[in-house]
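Working notes, beginning with the structure itself.
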Amino acid sequence: MRLSRTAKVVLGCVTAAGLALVYVPLLLVLLNSVNADRSFGWPPSGLTGRWWRAALHSDGARQALLTSVRAGLAATAIALVLGTLAAYAVHRHRFFGRRTVSFLLVLPIALPGIVSGIALNAAFRTVLEPIGIGFGLFTVVVGHATFCVVIVFNNIGARLSRLAPSLAEASADLGARPWQTFRYVTFPAMRSALFAGGLLAFALSFDEIVVTTFTAGPGTRTLPIWIYENLARPHQAPVVNVVAALLVLLSVVPVYIAQRLSSDTAGGRL
């Protein structure tokens, strides 16, 4: 379809406005993290690195960062195992209820976060508390894993759907056992999708706050929760901006790598 010059200009302006709406606030957070004015006056009176030094020496921020990393790594590990097994079962085998299973696996990420959080909170209180397991890092990891599995499932499923079944059949014809076929044929073909899914799952877990609010215990604070709790404290505002800027930077890296891996794979470079 060919667009007129006017239509191209309009579409370009709308696209630029949409991108500005998303990225200008992020740039302001990055700028305020080095703003010498504690009240974030505009334009900045100067640039300083004192807030970054203060953030590095903040015990609360460091502990929250460590908690977020631990929760993200654990949730990603669970998602990689369960998501890969589920995708392999759904896309490589035919069984009754296969479409229903696929729908139920994808459903958690489509539900509003607050609904998932309330449901998980009620489930943990009903099932875990009677056996002595309270809210804490474990419940946060389980809560994050419920939607991280979807990311891995979709990535691996998309790769397996493009992988010709004849490759596994040829491997079997040559005498390879099922495990050997998976190790030497299937796994190398979906390795980059697995890595990309893991990166996206970690980024999603690292930034999550809604489900975490309902599944974390009193002493469990991830980085997003720490930011939210300290946002209204004037003396902590500069440090919060630094931590928010760090959160933006840490989120960009895995998403960018995952996007590159996905685009390279789509172009045929496994």
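The values are calculated or read from the model by the stated rules, or taken from the named source; none is laboratory data. Nothing here was measured: the structure is a model prediction, and the numbers come from that model. In this analysis, Cβ positions are derived from the backbone assuming ideal geometry, glycine residues included, and neighbour counts consider all displayed protein chains. Note: accessible area is taken over every heavy atom of the protein model, side chains too, but ligands, DNA and RNA are not part of it. Shrake-Rupley method; radii C 1.70, N 1.55, O 1.52, S 1.80 Å.
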Residue count, the range 205-226 (criterion: closer than 22 Å to LEU30 by Cβ and either touching a residue at least 60 places away in the same chain (Cβ under 8 Å) or not in a helix (DSSP H, G or I) (or both)): 8
Using the structure shown, decide if ALA119 is open to solvent by 50 Å² or more (accessible area, probe 1.4 Å), part of a helix (DSSP H, G or I) and small (Gly, Ala, Ser). yes
Just to be sure before I move on: is THR126 surrounded by 17 or more Cβ atoms within 10 Å (Cβ to Cβ) and out of contact with any strand residue (DSSP E or B) (no Cβ under 9 Å at 6 or more places or on another chain) in the structure I sent? no
Let me confirm something: among ALA189, ALA258, ALA158, ALA193, which residue is touching a Gly at 6+ places or on another chain (Cβ under 8 Å) and either among the charged types (D, E, K, R) or under 22 Å from ALA79 (Cα atoms) (or both)? ALA258
Do we have SER205 as polar (S, T, N, Q), modelled with pLDDT under 85 and in contact with a helix residue (DSSP H, G or I) (Cβ under 6 Å, 6 or more places away or on another chain) here? no
The lone exception for VAL34 - which of (1) of a type in the set (A, V, I, L, M, F, W, C); (2) under 30 Å from PHE153 (Cα atoms); (3) buried (at least 17 other Cβ atoms within 10 Å of the Cβ) it fails: (2)
Return yes when SER45 is open to solvent by 90 Å² or more (accessible area, probe 1.4 Å), at pLDDT below 80 and hydroxyl-bearing (Ser, Thr, Tyr) and no when it is not. yes
Regarding GLY83, is this residue assigned to a helix (DSSP H, G or I), of a type outside the set (A, V, I, L, M, F, W, C), touching a helix residue (DSSP H, G or I) at 6+ places or on another chain (Cβ under 7 Å) and open to solvent by 30 Å² or more (accessible area, probe 1.4 Å)? no
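Right, GLY134: in a helix (DSSP H, G or I), touching a residue at least 40 places away in the same chain (Cβ under 8 Å), open to solvent by less than 60 Å² (accessible area, probe 1.4 Å) and not β-branched (Val, Ile, Thr) or not?
Numbers: in a helix (DSSP H, G or I): no; touching a residue at least 40 places away in the same chain (Cβ under 8 Å): yes; open to solvent by less than 60 Å² (accessible area, probe 1.4 Å): yes; not β-branched (Val, Ile, Thr): yes.
Judged against the criteria, GLY134 is not a match.
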Give the residues of the range 86-105 that are surrounded by fewer than 13 Cβ atoms within 10 Å (Cβ to Cβ) and among the polar types (S, T, N, Q), sorted by residue number. THR100
For the range 33-73, enumerate the residues that are within 17 Å of LEU246 (Cβ to Cβ) and among the hydroxyl-bearing types (Ser, Thr, Tyr). SER33, THR48, SER58, THR67, SER68
Looking only at the range 142-185, filter to residues that are assigned to a loop (DSSP other than H, G, I, E, B) and crowded, with 16+ Cβ neighbours inside 10 Å; which one of those is modelled with the highest pLDDT? ALA176
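Of all the residues that make up the range 228-242, how many are surrounded by fewer than 21 Cβ atoms within 10 Å (Cβ to Cβ) and under 21 Å from the mean Cα position of the chain (by Cα)?
The qualifying residues number 1.
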For residues that are open to solvent by 50 Å² or more (accessible area, probe 1.4 Å) and closer than 19 Å to ASN230 by Cα, scanning just the range 64-80, find the one that is modelled with the lowest pLDDT. LEU65
